[in-house]
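For reference, the structure discussed in these notes is given below.
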Amino acid sequence: MSFRAFSTFLLLLFVSPAFSLGQTYISGLVTDAETRDPVPGVHVFLERAGTGVVTAVDGTFELRAPAESDVLVARFIGYATHRETVTANAALNLSIALTPEGIRMQDVIVSATRERQFKSDIAASIGAVDGASIREQNPSHPSDIMGQIAGVWVNQTAGEGHMTSIRQPLSTDPLYLYLENGVPTRSTGFFNHNALYEINVPQSEGIEVMKGPGTALYGSDAIGGVINVTSASAPGAPMLDITAEGGSFGYKRALVSAGNTIGLNGFRLDVNATDSDGWRVGTEYTRQSATLRWDRRSRSNWLLRTVFSWSNVDQNTAGSAAISEADYRDNPRQNYQPISYRQVQAYRLSSAFETFTAKSLLSITPYVRFNVMDLMPNWSLSFDPAIWETQNWSAGALIKYRYDLEPMRTRVVVGTDLDFSPGERLERRITPVRDGKVFVDWTENEALYDYDVQYAQASPYVHVESSPADALRLTAGLRLDVMSYDYTNNLSTVTTGSHRRPASTSRSYTHLSPKLGATYQVSPSVNVFASWRHAFRVPSESQLFRQGSISNTIDLEPVKVDNVDLGLRGRVPGVGEYELAAYALRKQDDIVAFTNVDGTRVSVNAGETLHRGLELGLTTAPVAGVSVRVGGSLARHTYESWETQIGEDYSGNEVETAPRVLLNAAATWRFPLLEGGLVSVEWNRLGNYWMDAENTSKYEGHDLLNLNANLSVTQDVTLLVRVSNLTDALYAERATYNAFRGDEFAPGLPRTVHVSVRYALD
């Protein structure tokens, strides 16, 4: 780009296009009719001329007056559309009050097509937790809040770590796509099952979970679901929010948020500093996170959202530190691997540019990422002790163009996702030292793996929606993923033993992912949907090139999935809302790490599994001041065709660590006399599940009660109390069995108490 062109771009970016001599303009302010607060991001346009703008952070707008009389339209999802006639070449100063359409925030979804739309138009099951709920519950870990979405189980492995189960068994497998503001937090080639600890969840504006395979707008990774966490937007006026928290086992946390809007520019900074001694031996951890967001809305037809995120996590121990059944019952604080650790740093910068017309939207989001992880895996100390050092950086872009057509309310979305991610892995063997069952020290030895790998992706897609009848909405989509790995082995090639190393090579994949869906508005308050979606997942770099004892990992095939959904959503006036979804998900060529009798693991494409279930979400307010929320699922996960390399046949068995029942229910009492005061009691039910693929040992499940209370001390000060595991029940975050070590349990938190004081000045 020439210096002249770059200077012109900066001028357009920072100088208001309203500065023009001799031109007549229509200006105005758009507010919420109920709260009188300004509404940013409203699409204001002239219907016949086709020109339009979006409102700025302060709700203001300005657009050129029409050459002849026209109809000015103000439209924003969640509000009734405003229309009024404007006179040709007449300067006007309008005050527009938009009327909310009586919907909840959860009825407006951004994840399905990367922009706001009504859930009733989406042929998929999507659950959401809004920012107000996150703020009220003040979670210390994603598991504290994710379970209220029907069919979602996020456990706590240790510290900030977690595993996820959405229409799949609980595992560390690359089955989910994690997004921040619609941008993947990691490259497909470098998946991390702990992805939520790289996002500042407790200070976010909301979480959306699209269950099952992603739409045409999301490719590899999106098998079990898509999890999108939205950072909080810049406030329209000066704000300061400080929360100081203390809790059991030396838990300390400070959350600070500050922001303001100056002219057309809004800024917000969120900072999270957490420290804990851990409740088990050797499980202390710290984290620091910061999110800086800049929202710039012009008084013309474009906006810019730039977000920088940083997280630093330093924790012991890494993963679920399992112990024997005897220690689990008599000494659950025991930890056999206190020397293990996980140190993570994550940096992300994205800048979403959007420009509107009356019928179209162009969105361009370039991004860069950098991820570092140093790890001593606790789960392999007894059979494959090593230290891992991995890192990768990424540069990419999400490009989307949407155009609306009048016939049958048709909407066409085309776009492409681009990603280039070089990375490296260095793994060294260690000799651990034991004192009885407990690992207490280690010495470092030779390198087992040392390689560089470049992952590249180009993924064009098309998504179409149309309504041949007023009540019927049809959707179809197709995505082409073209992906490649370029691998360089920095050590010698090894073809035998337990640490084989493939020679330098390249690997590429090309895959088409189609989808079809339909929604039907049975009545104003009842909506049904159906969909079929295909998805896939390419092997990650560690599955391909960290060969282990397998004779061939280079030729691992992608995992393929077909998913069918049927759903019903509705509202009973004066009673509540509900959503029911039934699904069947068939997975083929699954990449599975089998655990041999001696504890070693092997990765292979191992057949076919079937996952079927029902998911129910329900909210109601039976009496004034009381609300009830229920979210649950009933599922069955089975091996359909499954035979290991050593001849074991699991076909017909249930998949391990896959409970049939997940249930989360809460009752909340709000006190009108104490503004903002509430007490909430939550019940979590995790059903029984098999601990091994042979179906020989079973975990019986557990029930947990949690208590949450908020009390407004003054207008600006709130006291928050959260008690987890109120009855101090003994339970396992994960239970497994193998023939070498028998039953093993990763014990869950005992009763813990967190007390916070929040000072909020808006």
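Brief remarks follow.
- Accessible area per residue, Å², the range 121-174 with all protein chains present, probe 1.4 Å: 19 Å²
- With the whole protein complex present, residue 157 retains an accessible surface near 10 Å², based on a 1.4 Å probe.
- Helices in the chain, meaning DSSP H runs of at least 4 residues, each add -39500 (n - 2.57). Divided by all residues, the mean residue ellipticity at 222 nm is -1000 deg cm²/dmol.
- Fully extending the segment from residue 741 to residue 458 would add 97.4 nm, taking 0.36 nm per residue of separation and subtracting the current Cα-Cα distance.
- Top positive-direction residue, dipole computed over the chain with Cβ charges, set 204, 118, 502: 118
- Selection from 244, 156, 377, by position along the positive dipole direction of the chain (Cβ): 244
- Computed with a 1.4 Å probe on the full set of protein chains, the accessible area for residue 755 sits at about 70 Å².
- For the range 436-574: relative contact order, % (alpha-carbon pairs under 8 angstrom, 6 or more apart): 20 percent
- Solution diffusion estimate, µm²/s, Stokes-Einstein, the range 445-528, Kirkwood Rh from C-alpha pairs, 25 °C, viscosity 0.890 mPa s: 142 µm²/s
- With q set to 0.09, 0.13, 0.19, 0.20 Å⁻¹, the log10 of I(q)/I(0) for the range 618-762, from the Debye formula over equal scatterers at the Cα positions, is -0.45, -0.74, -1.13, -1.19.
- 5 Å binning of all Cα-Cα separations within the range 198-310, expressed as whole percents from 0 upward: 2, 10, 16, 15, 15, 14, 13, 9, 3, 1, 1, 0
- Rounded accessible area per residue of the range 277-398, 1.4 Å, Å²: 34 Å²
- Helix 3-14 and the longest principal axis of the C-alpha atoms of the chain enclose an angle of approximately 80°.
- The chain: relative contact order as a whole-number percent, Cα under 8 Å and 6+ apart: 10 percent
- Sites matching trypsin sites (Lys or Arg not before Pro) across the range 401-449 that sit in DSSP coil, with at most 14 neighbouring C-beta atoms within 10 Å: 437
- For the range 629-676, averaging the sequence separation of C-alpha pairs within contact (under 8 Å, six or more residues apart) and dividing by the residue count gives a relative contact order of 44 percent.
- The listed residues 572, 372, once ranked by accessible area (1.4 Å probe) with the largest placed first, stand as 572, 372.
- Accessible-area order (highest first, 1.4 angstrom probe) of the listed residues 113, 355: 355, 113
- Dipole magnitude (debye, nearest 20) for the chain, charges at Cβ of Lys, Arg, Asp, Glu: 1440 debye
- Taking all protein chains as shown and a probe of 1.4 angstrom, residue 511 keeps an accessible surface of around 30 Å².
- When the P(r) of the range 265-398 is calculated, the portion above 25 Å amounts to 49% of the C-alpha pairs.
- For the range 653-708, the set of GluC sites (Glu not before Pro) satisfying both a DSSP loop assignment and a count of at most 12 other C-beta atoms within 10 Å is given as 675, 700.
- Averaging Cα coordinates gives a centre for the range 665-743 and one for the range 378-451; these two points are 30 Å apart.
- The range 271-321 and the range 28-59 have Cα centres spaced 33 Å apart.
- When the listed pairs 119/560; 119/400; 437/587; 587/698; 437/560 are checked against a 31 Å cut-off, the alpha-carbon distance exceeds it for 437/587; 437/560.
- Heavy-atom accessible surface of the chain: percent carbon and sulfur, 1.4 Å: 58 percent
- Candidates per trypsin sites (Lys or Arg not before Pro) in the range 340-398, loop by DSSP, up to 16 other Cβ within 10 Å: 359
- Simple spin-label estimate for residue 729 and residue 68 in nanometres, 7 Å along Cα-Cβ: 7.1 nm
- Simple label model, 7 Å out from Cα along Cβ direction - residue 612 to residue 351, nm: 5.2 nm
- Förster radius 51 Å - calculated FRET efficiency between residue 649 and residue 115, Cβ distance, rounded to 0.05: 0.60
- Normalised Debye scattering of the range 167-264 at q = 0.11, 0.12, 0.15, 0.19 Å⁻¹ gives log10 I(q)/I(0) of -0.46, -0.54, -0.75, -0.95, counting only Cα atoms as equal scatterers and leaving out solvent.
- Options (i) 66; (ii) 50; (iii) 76 - which one matches percent of Cα pairs over 34 Å apart as calculated here: (ii)
The values are calculated or read from the model by the stated rules, or taken from the named source; none is laboratory data. The structure presented is a predicted model; accordingly, all values stated were derived computationally and were not measured. Please note: Cβ atoms are built from the backbone with ideal geometry, for glycine as well, and neighbour counts cover all protein chains shown. Each accessible area value is taken on the protein alone, full model and side chains, heavy atoms only, with ligands, DNA and RNA left out. Shrake-Rupley method; radii C 1.70, N 1.55, O 1.52, S 1.80 Å.
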